[in-house]
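Here is the structure we will look at, set down as structure tokens.
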Amino acid sequence: MKKATRQHTKQHNRNLVLRTIFAHDSVSRAEIARVTHLTRTTVSEIVSALLEEGLVEEVGVGESIGGKSPILLSIAADSRYLIGLNLARDKFIGAIVNLRGEISETVEAPVLDNNGEKALDLVFKLIDKLLKKRIKPIVGIGIGTPGLVNTREGIVVNAVNLDWRDLPLGQMLEKKYKLPVSVLNDSQATAIGEFVYGSEHTSDENLIVINMKHGIGSGILINGRLFQGDGGGAGEIGHVVVQGNNELCSCGKRGCLETISSARAVIKKMDFNSLDQVQEAFDSGNKNAVRVVSSAAYHLGMVLANLIGTLNIHRIVLTGDMTQFGPVWLNAVSDAMRNAVLARMSEYTQLELGALDYRACILGASAYLLLDDYSLLFTLENNHGIN
Ligand SMILES: [Zn+2]
């Protein structure tokens, strides 16, 4: 019992040190000790082990603040790799990602119809293709999928477009590839990607990321941790009814946010084939296009006001196709939002555009494996499945 506790503490301390090194471009042992409240001796011991594992490297000397110049440490970006997949509506994209979130190989395949078995086959094919690139060692697989997901169990509860219902995707992939697997809703994965690798965030910040594509979803981070709610569906704002007498939604209800504010909705309302056509009409001042896009922005703004009223989160990132309407759209969203919530609540709210496009989902799905527990970085000897 005592031993187990000691082992646990050791792992906890190691995670603390790793998290600190991850959070900095480079950092000294003294600074790690200051941030983690661990003793200098403990930090030195852990760092020695990490250097030996090849996970951390010494990258130079920092400025002296009296006394000897400190040696700076950094994560060895290419010491381990993860596979990330973004199962987007019309195509699946997979990538190999290093420990700094740099993508080295990308593969993609079009999704031709919504046949559940074929979609699953495509996931296997993409992972096989990435493994054939012989970039090693790969320590985990992260999947961002549309639909409702039970992340803890790795089950896709319901993904209409992919024809998946109660699919134990995590378990299937773990069995096949002998690697840890995370399965996340794509908007939640996108939120993590923007949080970890997008514009500067402190590691305990709150953040909402709205994903405006064919559909609409969002991901909510509270104190730097993904908040999934009791049923895993936190942030599923696309299927909240905002205008009851509006169009029929794919979910069976009428007037969901998605039927007004999504890319699909504005294309359909304009009777066009692509968002670029809407954009063109909008830019040339076409009255109908301006009305449709303004209405899309307005209703999104109202939903954001509700989120602010509920969560009082100051930073909101907007990402996805609809952001191509640029500052005019963003300002319309912002105005609607600010008009619908207490001034004191929206005063400090910052609306910004995402930095990572489709990569956010891939990076977030893979980073999720590392966020709470770094132990998978140390299980190399168990990766018999990979060669
Ligand atoms: Zn709906």
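The values are calculated or read from the model by the stated rules, or taken from the named source; none is laboratory data. As the structure is a computational prediction, the values presented were derived from the model and not from experiment. Counting neighbours? That spans all protein chains shown, and the Cβs are built from the backbone with ideal geometry, glycine included. To get the accessible areas, we keep the full protein, side chains included, count just its heavy atoms, and leave off ligands, DNA and RNA. Shrake-Rupley method; radii C 1.70, N 1.55, O 1.52, S 1.80 Å.
Some values worked out for this structure:
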| item | result |
| --- | --- |
| Unmet criterion (only one of (1) more than 13 Å from the ligand (Cβ to nearest atom); (2) within 24 Å of VAL160 (Cβ to Cβ)) for ASN306 | (2) |
| Boolean, ASN288 is more than 30 Å from ASP163 (Cβ to Cβ), open to solvent by 70 Å² or more (accessible area, probe 1.4 Å) and either within 11 Å of the ligand (Cβ to nearest atom) or assigned to a helix (DSSP H, G or I) (or both) | no |
| Failed item, numbered, when VAL241 is tested on (1) within 13 Å of HIS299 (Cα to Cα); (2) more than 9 Å from the ligand (Cβ to nearest atom) | (2) |
| Where SER218 falls short, out of the listed (1) within 16 Å of the ligand (Cβ to nearest atom); (2) among the hydroxyl-bearing types (Ser, Thr, Tyr); (3) open to solvent by 10 Å² or more (accessible area, probe 1.4 Å) | (3) |
| Region 249-283 - residue that is among the hydroxyl-bearing types (Ser, Thr, Tyr) and within 16 Å of the ligand (Cβ to nearest atom) and, of those, surrounded by the most Cβ atoms within 10 Å (Cβ to Cβ) | SER261 |
| Residues of region 338-358 satisfying the condition of being open to solvent by 40 Å² or more (accessible area, probe 1.4 Å), in a loop (DSSP other than H, G, I, E, B) and closer than 14 Å to THR310 by Cα | ALA340, LEU342 |
| Qualifying position, being modelled with pLDDT of 95 or more and more than 25 Å from PHE195 (Cβ to Cβ), among VAL47, VAL61 | VAL47 |
| Those strands (runs of 3 or more DSSP E) lying entirely in region 145-228 with at least 2 residues hydrophobic (A, V, I, L, M, F, W, C) and closer than 20 Å to LEU371 by Cβ | 181-185, 207-212, 216-222, 225-227 |
| Pairs with Cβ under 6 Å, 6+ apart, first in region 20-31 and in a loop (DSSP other than H, G, I, E, B), second surrounded by 16 or more Cβ atoms within 10 Å (Cβ to Cβ) | SER26/LEU72; SER26/SER74 |
| Residues located in region 303-331, provided they are farther than 20 Å from GLY235 by Cα and buried (at least 20 other Cβ atoms within 10 Å of the Cβ) | PHE325, TRP329 |
| Region 34-60 - residue that is among the polar types (S, T, N, Q) and either part of a helix (DSSP H, G or I) or on the phi > 0 side of the Ramachandran plot (or both) and, of those, farthest from the chain's Cα centre (by Cα) | THR41 |
| Unmet criterion (only one of (1) at pLDDT 95 or above; (2) open to solvent by less than 80 Å² (accessible area, probe 1.4 Å); (3) more than 16 Å from the ligand (Cβ to nearest atom); (4) out of contact with any Lys or Arg (no Cβ under 7 Å at 6 or more places or on another chain)) for LEU300 | (3) |
| Test set (1) under 25 Å from VAL328 (Cα atoms); (2) out of contact with any strand residue (DSSP E or B) (no Cβ under 9 Å at 6 or more places or on another chain); (3) of a type outside the set (Phe, Trp, Tyr) - THR202 fails condition number | (1) |
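Each row is one residue, and each column tells you yes or no for (1) open to solvent by 20 Å² or more (accessible area, probe 1.4 Å); (2) farther than 21 Å from ALA360 by Cα; (3) touching a residue at least 12 places away in the same chain (Cβ under 8 Å).
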position	(1), (2), (3)
SER69	yes, yes, no
LEU85	no, no, yes
ARG89	yes, no, yes
ALA95	no, no, yes
VAL107	no, no, yes
ASP128	yes, yes, no
ILE141	no, no, yes
THR145	no, no, yes
VAL156	no, no, yes
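Residue-by-condition table, conditions (1) modelled with pLDDT of 90 or more; (2) open to solvent by 50 Å² or more (accessible area, probe 1.4 Å):
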{"residue": "GLN7", "(1), (2)": "no, yes"}
{"residue": "THR20", "(1), (2)": "yes, no"}
{"residue": "GLU57", "(1), (2)": "yes, yes"}
{"residue": "LEU73", "(1), (2)": "yes, no"}
